[in-house]
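The values are calculated or read from the model by the stated rules, or taken from the named source; none is laboratory data. The structure presented is a predicted model; accordingly, all values stated were derived computationally and were not measured. So basically every Cβ, Gly included, is an ideal-geometry build from the backbone, and we count neighbours across all protein chains shown. Accessible surface is based on the protein model in full, side chains and every heavy atom, while ligands, DNA and RNA are left aside. Shrake-Rupley method; radii C 1.70, N 1.55, O 1.52, S 1.80 Å.
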Amino acid sequence: MSRIQVPKIPSSELTPEPLYYSRRTWLSLVGLSGISAFIAPSAAAQDRWPQGKQGPYDTDEKPSTFREITTYNNFYEFGTDKSDPAAYSGDFKPKPWTVRIDGHVKKEADVQLEDLLKPFAVEDRIYRMRCVEGWSMVIPWRGIPLASILKRVEPTSKARYVAFQTVLRPEEMPGQRRRVLDWPYVEGLRLDEALHPLTFMATGLYGRDLPNQNGAPFRLVVPWKYGFKSIKSIVRMTLTATEPPTTWNLSAPDEYGFYSNVNPEVDHPRWSQKTERRIGEFGKRKTLMLNGYAGLVEGLYAGMDLKKHY
Ligand code: MTE
């Protein structure tokens with residue numbers, strides 16, 4: 001982000017939707033043998049799912065396609081180009097996976113991800129996501145609210161923030177072999193933000209397990225904040241008394257603050273935040289306050305100057 005000037009749009013993004021669908025339909029009709037028969041039906045099924053707004057937190061906007069969501073990514077552990085995470089995450093092993101939860105909690109946890117998730121019912125949530133670089137998508141996530149996990153470990157009265165940490169595996173993550181950022185990637189939320197019902201831990205999208213490039217097997221999703229707060233491939237969460245350091249703030253403090261709420265009235269030093277391009281569309285859309293979630297989350301920031309706390 002701090003080093004990318006203009007996001008490169010892979011030519012695959014420029015295929016107009018109807019053409020893309022008809023190419024797949026064509027493949028499924030003629031491809032009765034060989035690889036196309038194998039690929040075409042499952043690709044079509046991915047984009048038919050899910051059916052649309054179901055719960056109170058879902059947007060009713062049309063989800064981005066599975067291909068858009070899985071080929072245009074930021075995940076610097078696999079490279080800085082938007083196409084790098086899909087191209088270079090093939091050696092990453094998201095199973096088995098252990099998560100540690102520590103700090104100011106009554107019940108520390110150091111558990112296999114399946115055991116951590118077992119007590120909870122998975123939910124599907126269709127969220128608008130907005131990157132600070134000026135693009136956005138609509139993503140059908142699968143996962144559980146972060147609050148469910150946090151309540152189980154019982155934060156003590158000293159806990160005021162949650163610090164998150166991405167796995168450090170340079171042997172599987174080629175981007176970590178270069179010091180583009182200070183690894184491991186770290187992020188943080190205030191405890192009330194972390195406990196908000198919109199704050200979600202995703203384990204999947206489009207009804208299936210998370211692809212490596214989207215942060216397998218376990219990532220944060222905070223839809224009213226710029227995308228970089230939604231840290232991927234998490235191995236540790238620590239409840240802290242003071243504001244934890246965050247990777248992009250350490251890298252460029254004047255550009256990325258701790259809060260990083262989507263706010264069309266506060267420009268990034270190099271990019272206006274007033275409009276955005278929805279991946280797959282050609283025009284620009286107006287960016288909404290708190291990414292359209294103001295009604296649900298503005299109470300968290302009552303009395304705060306959001307220009308100062310950017
Ligand atoms: N998490 C880690 N560990 N490393 C990253 O580089 N990039 C962030 C965020 N989480 C990033 C990360 C940024 S800038 C964005 S916009 C989102 O992931 C993109 O998530 P997506 O590719 O699933 O849409």
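Among the residues of the stretch 184-204, what is the count of those that are touching a Pro at 6+ places or on another chain (Cβ under 7 Å) and farther than 22 Å from residue 123 by Cβ? Number of matching residues: 2. Looking at the stretch 88-103, is at least one residue in contact with a helix residue (DSSP H, G or I) (Cβ under 9 Å, 6 or more places away or on another chain), closer than 30 Å to residue 270 by Cβ and modelled with pLDDT of 95 or more? Yes.
In the list 148, 157, 136, which residue meets the criterion of being within 14 Å of the ligand (Cβ to nearest atom) and either out of contact with any Ser or Thr (no Cβ under 9 Å at 6 or more places or on another chain) or within 24 Å of residue 296 (Cβ to Cβ) (or both)? Sole residue among the options that is within 14 Å of the ligand (Cβ to nearest atom) and either out of contact with any Ser or Thr (no Cβ under 9 Å at 6 or more places or on another chain) or within 24 Å of residue 296 (Cβ to Cβ) (or both): 136.
Hey, does the stretch 187-209 have a residue that's within 10 Å of the ligand (Cβ to nearest atom) and acidic (Asp, Glu)? Yes, some residue in the stretch 187-209 is within 10 Å of the ligand (Cβ to nearest atom) and acidic (Asp, Glu). The single condition among (1) out of contact with any Ser or Thr (no Cβ under 7 Å at 6 or more places or on another chain); (2) open to solvent by less than 10 Å² (accessible area, probe 1.4 Å); (3) touching a residue at least 60 places away in the same chain (Cβ under 8 Å); (4) closer than 26 Å to residue 56 by Cα that residue 248 does not meet is (4).
Filtered by the rule that a residue be open to solvent by less than 30 Å² (accessible area, probe 1.4 Å), of a type outside the set (Val, Ile, Thr) and under 18 Å from residue 219 (Cα atoms), the stretch 137-168 gives 137, 140, 141, 143, 145, 146, 147, 150, 161, 163, 164. Considering the stretch 224-243, and only residues there that are open to solvent by 10 Å² or more (accessible area, probe 1.4 Å) and in a loop (DSSP other than H, G, I, E, B), the residue that is nearest to the ligand (Cβ to nearest atom) turns out to be 232.
For the stretch 196-216, taking the residues that are out of contact with any helix residue (DSSP H, G or I) (no Cβ under 6 Å at 6 or more places or on another chain) and within 20 Å of residue 176 (Cα to Cα), the one that is most open to solvent (accessible area, probe 1.4 Å) is identified as 212.
Exactly one residue among 187, 171 is open to solvent by 30 Å² or more (accessible area, probe 1.4 Å) and of a type in the set (Asp, Glu), and that residue is 171. Of the residues making up the stretch 48-67, just one is surrounded by 21 or more Cβ atoms within 10 Å (Cβ to Cβ) and not in a loop (DSSP other than H, G, I, E, B), namely 66. I need a count of the residues in the stretch 251-289 that are in contact (Cβ under 8 Å) with a residue 40 or more places away in the chain, surrounded by fewer than 18 Cβ atoms within 10 Å (Cβ to Cβ) and outside any loop (DSSP other than H, G, I, E, B). Total meeting the criteria: 4. Quick one: in the stretch 68-111, of everything that is away from the ligand (no atom under 12 Å from the Cβ) and part of a helix (DSSP H, G or I), which residue is most open to solvent (accessible area, probe 1.4 Å)? Once the filter is applied, the top-ranked residue is 88.
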